[in-house]
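The values are calculated or read from the model by the stated rules, or taken from the named source; none is laboratory data. Owing to the predicted nature of the structure, the values given are computational and were not obtained by experimental measurement. With ideal geometry, Cβ positions are generated from the backbone for all residues, glycine too; neighbour counts draw on all protein chains shown. Calculation scope for accessible area: heavy atoms of the full protein, side chains included, ligands and nucleic acids excluded. Shrake-Rupley method; radii C 1.70, N 1.55, O 1.52, S 1.80 Å.
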Amino acid sequence: QTQCQTQSQTQSMSNSMSNSMSSTPKLFIKRAAIASAALASYGAIVYLTYEFMSATMEKNSRSTSSNNATATSSTTNSNHHQFSHVTDPNRNLTFQKLASMYDYQISSEENAMLLPLFRRCLLYFHARGKVLEVGAGTGRNLDYYSFSTTPITSQHGNNNCVDEVILTDISDEMLRQAREKVKQHKHKDRFKLFVADAKDMTKYYPDDSFDTVVDTFGLCSFDDPVKVLKELQRVCKKSGGKILLLEHGRSKSCGPLTNYLDKTAERHAKNWGCVYNRDLDTILKESGVIVETLYTW
């Protein structure tokens, strides 16, 4: 009887192992299918969000243009066809118009692409001492700095935390939004804000003024990104200083994505003041900045 029970148990265990092994490939396929569906959904959400926001911006722009339309000569019409929002010297005025609704319009897209996580990783772990942030806009980076618990105690700053942050932008309307956020920040006394053109700050700061210089998604918006990077190198301390960049631009590994950026660059520049198909590798090379670490996604 004992022998029969043992054989029966052994057979039962064998059947159980067989069923488990046979179900493993099915489980793997099921999980792979779920992961693929989730990735496809994520990509679709990002794409549809961008298309919806761009279409809305373009519709509003057409409506405004229609209301303000005036008769023009044939010469003016001829020149209009040569006009480009990408090279428009007044392109940055777009930020003046977008400022009051900018955070509301851009937040869903940034969250979908996990950009708040990238901002935090860049600034919380790498920004130190006295910080200059150019193209600060509405202050979307305010909560990602790791501040020291005590005020500045020396001109060398804190080696592990941020002592103070200077926020600059060419748009006073964007900085107006940032100022409102600073008023509610627990480290509001550590921030200073003023309007300045990032490509020339000689009248404000001498060479080697900052431990850390930050620009997030600004190289796509500056009229002369190469000159801006040269200026950032000037004000950043040569010994121990660092420049932190978080940017977007044309892809070198995904042809369809780059084609899409090129195709829609004019519309995007018109709606957002951003030239998002710029070649960042070329910009970095022409500026002479020394790249120590580079990650691409």
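Return the residues of the stretch 201-218 that are open to solvent by less than 80 Å² (accessible area, probe 1.4 Å) and out of contact with any strand residue (DSSP E or B) (no Cβ under 6 Å at 6 or more places or on another chain); say none if nothing qualifies.
Met201, Tyr205, Asp208, Ser209, Phe217, Gly218 - these are the residues of the stretch 201-218 that are open to solvent by less than 80 Å² (accessible area, probe 1.4 Å) and out of contact with any strand residue (DSSP E or B) (no Cβ under 6 Å at 6 or more places or on another chain).
Could you go through the stretch 124-145 and let me know if any residue there is in a strand (DSSP E or B), modelled with pLDDT of 95 or more, among the aromatic types (Phe, Trp, Tyr) and buried (at least 17 other Cβ atoms within 10 Å of the Cβ).
Within the stretch 124-145, none of the residues are in a strand (DSSP E or B), modelled with pLDDT of 95 or more, among the aromatic types (Phe, Trp, Tyr) and buried (at least 17 other Cβ atoms within 10 Å of the Cβ).
Which condition number does Asp223 fail, the rest of (1) closer than 19 Å to Gly137 by Cα; (2) modelled with pLDDT of 95 or more; (3) of a type in the set (Asp, Glu) being met?
Asp223 satisfies all of (1) closer than 19 Å to Gly137 by Cα; (2) modelled with pLDDT of 95 or more; (3) of a type in the set (Asp, Glu) except (2).
Among the residues of the stretch 239-297, which ones are open to solvent by less than 40 Å² (accessible area, probe 1.4 Å), β-branched (Val, Ile, Thr) and closer than 23 Å to Cys121 by Cβ?
Ile283, Val289
Each row is one residue, and each column tells you yes or no for (1) within 19 Å of Ala127 (Cβ to Cβ); (2) touching a helix residue (DSSP H, G or I) at 6+ places or on another chain (Cβ under 8 Å).
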residue: Glu164; (1), (2): yes, yes
residue: Glu180; (1), (2): no, no
residue: Lys188; (1), (2): yes, yes
residue: Val195; (1), (2): no, yes
residue: Ala198; (1), (2): yes, yes
residue: Tyr205; (1), (2): yes, yes
residue: Ser209; (1), (2): yes, yes
residue: Asp215; (1), (2): yes, yes
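If Glu109 meets every condition in (1) surrounded by fewer than 17 Cβ atoms within 10 Å (Cβ to Cβ); (2) touching a residue at least 60 places away in the same chain (Cβ under 8 Å); (3) farther than 20 Å from Cys220 by Cβ apart from one, which number is that one?
(3)
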